[in-house]
1. Can you list the strands (runs of 3 or more DSSP E) found entirely within region 176-232 that contain at least 3 residues being surrounded by 14 or more Cβ atoms within 10 Å (Cβ to Cβ)?
2. Return the residue satisfying two criteria in turn: it lies in region 626-656 and is at pLDDT below 85 and basic (Lys, Arg), and of such residues it is surrounded by the most Cβ atoms within 10 Å (Cβ to Cβ).
3. Look at Leu71 and say whether it is over 30 Å from Ser379 (Cα atoms) and touching a residue at least 24 places away in the same chain (Cβ under 8 Å).
4. Name the strands (runs of 3 or more DSSP E) wholly within region 772-874 that hold at least 2 residues that are of a type in the set (Val, Ile, Thr), modelled with pLDDT under 85 and not assigned by TED's automatic domain parsing to the domain that holds Leu973?
5. Mind counting the residues in region 351-391 that are under 25 Å from the mean Cα position of the chain (by Cα) and on the phi < 0 side of the Ramachandran plot?
6. What about Met680, is it in contact with an Asp or Glu (Cβ under 6 Å, 6 or more places away or on another chain), of a type in the set (A, V, I, L, M) and closer than 19 Å to Thr83 by Cβ?
7. Could you give every pair whose Cβ atoms fall below 7 Å, whose first residue belongs to region 760-784 and is closer than 16 Å to Ser683 by Cβ, and whose second residue is part of a helix (DSSP H, G or I) and charged (D, E, K, R), counting only separations of at least 6 or pairs across chains?
8. Of the residues Gly741, Gly679, Gly662, only one is on the phi > 0 side of the Ramachandran plot and either of a type in the set (Asp, Glu) or within 40 Å of the chain's Cα centre (by Cα) (or both); which?
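The values are calculated or read from the model by the stated rules, or taken from the named source; none is laboratory data. The structure displayed is predicted, hence computed values, not measured ones. All Cβ positions, glycine included, derive from the backbone under ideal geometry; neighbour counts span all protein chains shown.
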Amino acid sequence: MRILEFIVRKKVLVGLLTVLIIALGSFAVVKLDKEIMPSVGMDGAFVAIDAGDMAAVDVERLITLPLEQRLGGIEGVDEIQSTTAIGSISIDLTIARGKSNEVMKDIEKEVNDMKAGQPEIKEAAAIQYGVRSSYEFFMDLSGTDLQSMTAFARDVLEPRLEALKEVQDVQLSGVMEQEVSIKFKREAMKENGLDISQVAGLIAQANSESTLGELQDEGDTSLLRWNSKLADIDGVKRIEIPTAEGFIQLKDVADVTVVPLESSSFVWKNDAEELVFIQVGRAANVTQIDMAKAVRAEIQKIRDEGLVKGFTLNEMVAQADVVQESIDGVVGNILIGSIVAVAILLLFLRNVRATLIVAVSIPTSVLLTFLTVYMLGYSLNMLTLIGLGLGIGMMVDSSIVILESIYRQRELGLSKFEAVIAGTKEVAGAVFASMLTTIVVFLPIGFIGAGFGEILVILAIVVAITLISSVLVAFTLIPALSDKFLHYGSHGKTRKGSRAAKVYDGTVSWIVAKKRRSLLVIALFFSLFAGSLLLVNKIPMNVMPDVFNRYSEIVAVLETGVAPADKERIAQLLNEKMAKIDDVESSYVLDNGGNEMLIIVNMTKGERIVHEQNEVNEQILRSLREFRDTEPIRNVQLAMSEVSGAPVQVMIKGEDFVQLQGIAQDFMKELGKVEGIVGMTNSMERTSEEKRIVLNEKAIQDADLSQLQVKQFIEQAFIEIPVGQMALDGGNVPLMVSWDGGVDSDETLFDLEIPTMEGDKKLSEFLHLEVVRTPNEIMHSGGERFITVSADIEGRDLGAVNRDVQKVMNEFDMPADYAIEVAGDIEEQQQLMMEMFMVLGIAIFLVYFMMAVQFNHLGHPLIVMSVIPMAMIGVIIGLFVTQMELNLLSGMGVIMLIGIVLNNAILLIDRTNQLRREGMSVEEALVEAGRNRVRPIFMTTLTTVGGMLPLALASGVSGNYQAPLATVLISGLLFATFITLLLVPSVYRLFTQNEKVVEREKNRGRKRLVRRAVDPITQINMK
């Protein structure tokens, strides 16, 4: 205790260190990056490949299977799942924990090598999974004049926003783009004996610049440059083409025009004819809030300058608002929790100075926590703030225990300095043991996979930092302030026990008087625990809670091959439908290619809210799913569900497509009987019509043609290729070559005339077409084909549906060589539950280990841990009554609860052991320990509950994240506290010998003396 004496005597040092912590902590709060969720990379990757218009079966054979073999050979790739569609492949890779960065290099190399070796691959990308998105601020330009909107976006908005130091880049979608269209006339080309491929090559050569060589001039070297770049449309038309009759101009055989280019990205708004979509990304080391402020300020300047004319500039979504709202909500809850905790302290202590001394520890511990978080490189986000909010209540526990012990020692007649030293020393072991048992439960959190472990580790670290900070403050600031400022009552004057305390004394005395009474109490409480397990199935279950911020992202999955015109029509239908739903303020439909459309929904806020967000989400999904019967829409689901798979997803594995489809249809009939199942689809429900060319080999041979010639002729009939770019109106415009009047039907294909030795003949003489049906999607898991049956849920929680789906699967009769297993959210929930149980088991062992070392006894930790099942009663009842979800965060609360609920039991057992060492019997020690510790136990419990209560009642952006976790802790802690005061004495009495520790130690000493006297020779030899 020399360190403690030094601290108490050096109050100036403690004061200056406190001021330093407050100053540095305040600086850290200002400098911390602010975001809604921590930016973490996850142990997984996504590969996307564009293969043009290839059939799914051809893509599978030529690209998917070889690429899967390559990726499977990379060390660190644990699992591969792929979806092969018409002209595209998407591959999900699960990577060994902690190896994502190094494995990503190998994945990118294999993908690039495959692209280089397969000319069918147009684009290929490999992306590592992560939380942070590239763009976080979204706007739109809407109006009727797309040309003026495009000019404003490119010439004003984009350069001015990118000039801001807070902005990394600006991406524009839906702007007007142009191309130079060169459409060749078949008859004119035929008359001049020209080949379209050769003419395309001549155009590319005419529009070129290059270095031809070097010239020496009096010792100086000059480059000889060729520059025939096209400067205008007339220059394109005048390109000279050699023929047998001489040179002709391009305009003689082709129509050259400037036409609008079909954009690869479309955005439709519910009340706009034309729309430009603007995405803004922030620069490194800039917070979302700072970027949003800078962008909004610049936008206001642009408006003030009168540059927004003839159209409207609207702000769609700013993630900074979600971040700020989340931070404000959590900070408000922390402040309220602090006030509640201080009020409870004042109520119990009835001493303003004592209350202020403990209250001072709260901001000091909070700022020390912020300083540590800043030094570790974390951001100020929802998780770190929730961790801090959970720690607020526990933050004063150590201070309360130490202050109460000092106060009690002073009442017993010790001087100020002696009371501080003795009081702190008495509870030091218990305080450190309580802190360590609370912290060690977080150590196995990293075993949780699927990317969640890394996120939860951040939450655990913040809570641990909060507790460590509070203990440091409690052992420095509290003793120093108590010695200086705390006023005490008269020496030797003890407090009169309250009526409740007297009742408690009598109850404990009655219980510990007879072992059978203790056994009766234990049996009663464990019967309650067994009964509470019956309520588990009635608690809603999910994987992760939703973030309700009056904003939703919904994905509409279309059938493969939907034309752009049909997409625009579908987008208008979706917007019209959503405009009729209450609380939908605005909606946007985005098409970024592929067969998915992203729907962004902004909802009403404040006083205009009619329905809760979950109800609005369900109404939107119900309304949009009505289009599945009339439009080429396969499914509609929330974007978060689309990322992880549909809530209900079942995999049926096998080889034969027809057999898989039959099994899927039979299974869907059974699955449809489950209550709450909606929106059922399967991945092979739709097939595409494919027409295959069947050659008439004899006719080809008779016409002195080869199959290769026929193939090349057909390829030229569908030609549409770029032949370079030219500068036009300040930008680069592509040159596109194609036929005037394309081939778009069987008749136009068959009517094409192919030149032969005997003259031109119709193509129909050399081939015919046969129709085959091919699957739109082919899915692989570990190289094996499978089909997925997907469904959404409505009106029931995932856990309840999960149980019914498992029952259907167990009763379903599967053919040989075919297998069925869960996937999607159900698989994730099952895996998560197993991992949580493993983490729970490891946490319990670590707690036992720490307490066994602390007590130097193998049995006493088991007595303390008897409280854990009782805490689970409170958790189950709390979740059942409030109908909060049992999800990943509430599961995290259960793990935290293990460490927290033991604190009170440790205080009680530690004091009991101290009293027994002073000479008391077991019964006397238990009664006196309860009398000494009942007040600090209730104070620490109620301040912890009071600090967390605002989080449990929270709503808004972070409410769904805070409330389940806080509810678990509050209900479990309250129930466990009351049980602790009765159960722990009962278990201790039942499993401890009724012998005074002092007498046992004396007996052990006498036995050692006797052994030494009887065997002196042994003692001599040992020496």
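1. 177-184
2. So the residue we want is Arg634.
3. In short, yes.
4. Output list reads 784-793.
5. Residues in region 351-391 being under 25 Å from the mean Cα position of the chain (by Cα) and on the phi < 0 side of the Ramachandran plot: 21 in total.
6. no
7. Ile778/Glu60; His780/Glu68
8. Gly679
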